[in-house]
Amino acid sequence: MKTSASLLLALGVFVASGGTTPARAAVEGVQVGATLYGYAVPDQSDFLMLVVPADRSWFHAEGRYNYEGLRTGSVFLGLNASAGDKVKLTGTAMLGGVFGDVDGVAPAFRVTAAWWKLDFSSEGEFLIDAHHLDASFFYSWSELGLSPVSWLRVGAIVQRNRIVHSDLDLQRGLLVGFSPWPVVSLTFYELNLGWAAPTYVGALGVHL
């Protein structure tokens, strides 16, 4: 990959800095996170994707870059809800604006469920393209994970997007994640191995 070295360098700098981002300047009562994804994609340029969510009680705000398209940013506002004790359920309903090489409006959601050592999460958005309605698109990212110990997580992933060019409408694969510190996670994904030329993703997350 032409830019694999630059992706690894960027992730290395991110780790060395302790995951420092503008989101790190959290105020009391606000939960802030940031996840940097590095995509190594066959037959196209590698790229970085950034997702920065923030929550205060029921209120949710989120910024994304290179999610709906390359050189494209998006901002979402939404409402949080949760329920359950042994089986913990959380959900967020959002509405966002998308701008850059892709422009539009995007209703979106995120749901999670956790029980015992198992967890499931799914997020999706329907991008309504501002210029060509027939170019509107549904994005999704879903994970099923098992954490046999507190610092290790393994599982499966299914995603659908327009950035990764593939013959598969739904891309699927495996994941393995590590949490070397309580607020830091490092996850590696492989997609499409055995079905098509594989895509590899590295994700570095910081959660305060």
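The values are calculated or read from the model by the stated rules, or taken from the named source; none is laboratory data. Since we're looking at a predicted model, the values are computed, not measured. FYI the Cβ positions are ideal-geometry reconstructions off the backbone, even for glycines, and counts take in every protein chain you see.
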Look through 137, 120, 126 and report the one residue that is of a type in the set (A, V, I, L, M, F, W, C) and surrounded by 17 or more Cβ atoms within 10 Å (Cβ to Cβ). 137
Please go through segment 69-110 and pick out each residue that is within 17 Å of the chain's Cα centre (by Cα) and aromatic (Phe, Trp, Tyr). 76, 109
Looking at the structure I just gave you, is residue 107 surrounded by fewer than 14 Cβ atoms within 10 Å (Cβ to Cβ) and under 30 Å from residue 59 (Cα atoms)? no
Across segment 49-77, which residue is nearest to residue 140 (Cα to Cα) among those that are surrounded by 20 or more Cβ atoms within 10 Å (Cβ to Cβ) and hydroxyl-bearing (Ser, Thr, Tyr)? 67
Go through segment 146-186 and give me each residue that's free of Cβ contacts under 8 Å to residues at least 24 places away in the same chain, closer than 22 Å to residue 207 by Cα and not in a strand (DSSP E or B). 182
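For segment 187-204: of the residues being in contact (Cβ under 8 Å) with a residue 60 or more places away in the chain and surrounded by fewer than 19 Cβ atoms within 10 Å (Cβ to Cβ), which is farthest from residue 147 (Cα to Cα)? Before you say what the answer is, go through the steps one by one.
Here is the first cut: in segment 187-204, the residues in contact (Cβ under 8 Å) with a residue 60 or more places away in the chain are 197-204.
Within this subset, residues satisfying the condition of being surrounded by fewer than 19 Cβ atoms within 10 Å (Cβ to Cβ) are 197-198, 202.
Working: 197: 28, 198: 25, 202: 18 Å.
Ranking the qualifying residues of segment 187-204, first place goes to 197.
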Would you confirm whether or not segment 87-94 contains a residue that is surrounded by 15 or more Cβ atoms within 10 Å (Cβ to Cβ) and touching an Asp or Glu at 6+ places or on another chain (Cβ under 9 Å)? yes
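Give me the strands (runs of 3 or more DSSP E) completely within segment 67-142, filtered to those with at least 3 residues that are in contact with a Phe, Trp or Tyr (Cβ under 9 Å, 6 or more places away or on another chain) and either at pLDDT below 95 or aliphatic (A, V, I, L, M) (or both), ordered by residue number.
Values: elements: 72-83, 88-100, 104-115, 118-129.
Where strands (runs of 3 or more DSSP E) fall fully within segment 67-142 and carry at least 3 residues being in contact with a Phe, Trp or Tyr (Cβ under 9 Å, 6 or more places away or on another chain) and either at pLDDT below 95 or aliphatic (A, V, I, L, M) (or both), they are 72-83, 88-100, 104-115.
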Confirm whether residue 101 is acidic (Asp, Glu) and loosely packed, with under 15 Cβ neighbours inside 10 Å. yes
Can you tell me which residue in segment 22-66 is modelled with the lowest pLDDT, limited to those that are polar (S, T, N, Q) and at positive phi? 57
Does residue 204 satisfy being under 15 Å from the mean Cα position of the chain (by Cα) and part of a strand (DSSP E or B)? yes
